[in-house]
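Input: a single structure, listed below in structure tokens.
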Amino acid sequence: YQRRVHGGCLISISCKRRFMANCSTATLLAAALLVLLSSVHAVEPREQATLQSKKKKKPTYEVVKYYDRPSPQYYTQGLLFVDDNTLLESAGRYQHSQIHLLDLGTMRTNHKHKLSDKYFAEGCDLVSVNGEDKVVQLTWRERKFFVYDKNLNLQRKENYPAQIQEGWGLSHRVDMENGQKVTNLYMSDGSNQIHVLDPSTFELKRSLSFYHDGKPLKMLNELEFVNSKLYANVYLSSKIAVLDVDQELVERMLDLTKLSKKARDKYKVCLLYTSDAADDLLCVDLGGRRIIKKK
């Protein structure tokens, strides 16, 4: 199904643009890439029926650090930095799904919570809800949100809105609504839509549809915001769509084919990402891209 991960090594990279790529191999080695994105460029208005991406310079990068990761092996679906030394990891597969904190210094997992065998865990996010840090975890076809406190104590489960049939990726952004700052969750379901939800009630506010070269850009998967642009890897490809969620258009496509091929040839790995920097526009801690290599 989606990104498959087993134990491996974590690799940090620094880049001039933050980006991510999806995994398509059956067995994967975990790794992390630290990426720095250049300033966001202005985009042209959307054509009436066709959304075109703009050509940009290709991202450059360098490997800056490796982290060895021993077994046990996880099928990683969601990953993000809680702090400079701690990853929040959501691991999938039926009978194996869980969520935990990974200490990059010791490579030990802490505060582990295992899901019931009937659930397939997916993406996750750490978001402030009414002044409290909450971890929200998705499930694939079971259509359930799992809500935890920051120590991963399960607090409640909530159903997906009726319009959403699957859970894939999850991120959040602080938006301006009626002159006030409001935190919204952004969720993918494997289609060309991104759903915007209230993080307190999980009420569906709106759904955004994205097109590229006149066709629906389907298989939108893992999500991260960079300077108010939503980066979405396209599952079963090495491409990342940079989405303008305010104008509902594809701003550009990033092609990481060469990086993915090099990673697979040398490490038998694929890429996933997470985040840890700040949004320049709203000054909200949304995260700088960290790409995760996984075997």
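Counting the residues of the range 94-125 that are more than 15 Å from residue 151 (Cβ to Cβ) and crowded, with 18+ Cβ neighbours inside 10 Å gives 9. Scanning the range 239-252 for residues that are touching a strand residue (DSSP E or B) at 6+ places or on another chain (Cβ under 7 Å) and open to solvent by 20 Å² or more (accessible area, probe 1.4 Å) returns 239, 248. Can you report the number of residues in the range 166-181 which are assigned to a strand (DSSP E or B) and open to solvent by less than 40 Å² (accessible area, probe 1.4 Å)? Total meeting the criteria: 6. Among the residues making up the range 106-133, those that are of a type in the set (S, T, N, Q) and either at pLDDT 95 or above or part of a strand (DSSP E or B) (or both) are 109, 110, 116, 128. If you check 158, 222 for being touching a residue at least 60 places away in the same chain (Cβ under 8 Å) and either in contact with a strand residue (DSSP E or B) (Cβ under 6 Å, 6 or more places away or on another chain) or farther than 27 Å from residue 240 by Cβ (or both), only one passes: 222. Can you pull out every residue in the range 193-218 that is over 24 Å from residue 127 (Cα atoms) and in a loop (DSSP other than H, G, I, E, B)? Residues satisfying the conditions are 210, 213, 214, 217, 218. Residue check: residue 152 meets all listed conditions (1) open to solvent by 50 Å² or more (accessible area, probe 1.4 Å); (2) modelled with pLDDT of 95 or more but one, namely (1). Taking every residue in the range 85-100 that is farther than 11 Å from residue 152 by Cα and of a type in the set (Val, Ile, Thr) and pairing it with any residue that is modelled with pLDDT under 95 and not in a loop (DSSP other than H, G, I, E, B), at least 6 positions away or on another chain, the pairs with Cβ-Cβ distances below 9 Å are 86/102; 86/103; 86/110.
The values are calculated or read from the model by the stated rules, or taken from the named source; none is laboratory data. If you're wondering where the values come from, they're calculated on a predicted model, not measured in any experiment. All Cβ positions, glycine included, derive from the backbone under ideal geometry; neighbour counts span all protein chains shown. Please note that ligands, DNA and RNA were not included when accessible areas were found on the heavy atoms of the full protein model with its side chains. Shrake-Rupley method; radii C 1.70, N 1.55, O 1.52, S 1.80 Å.
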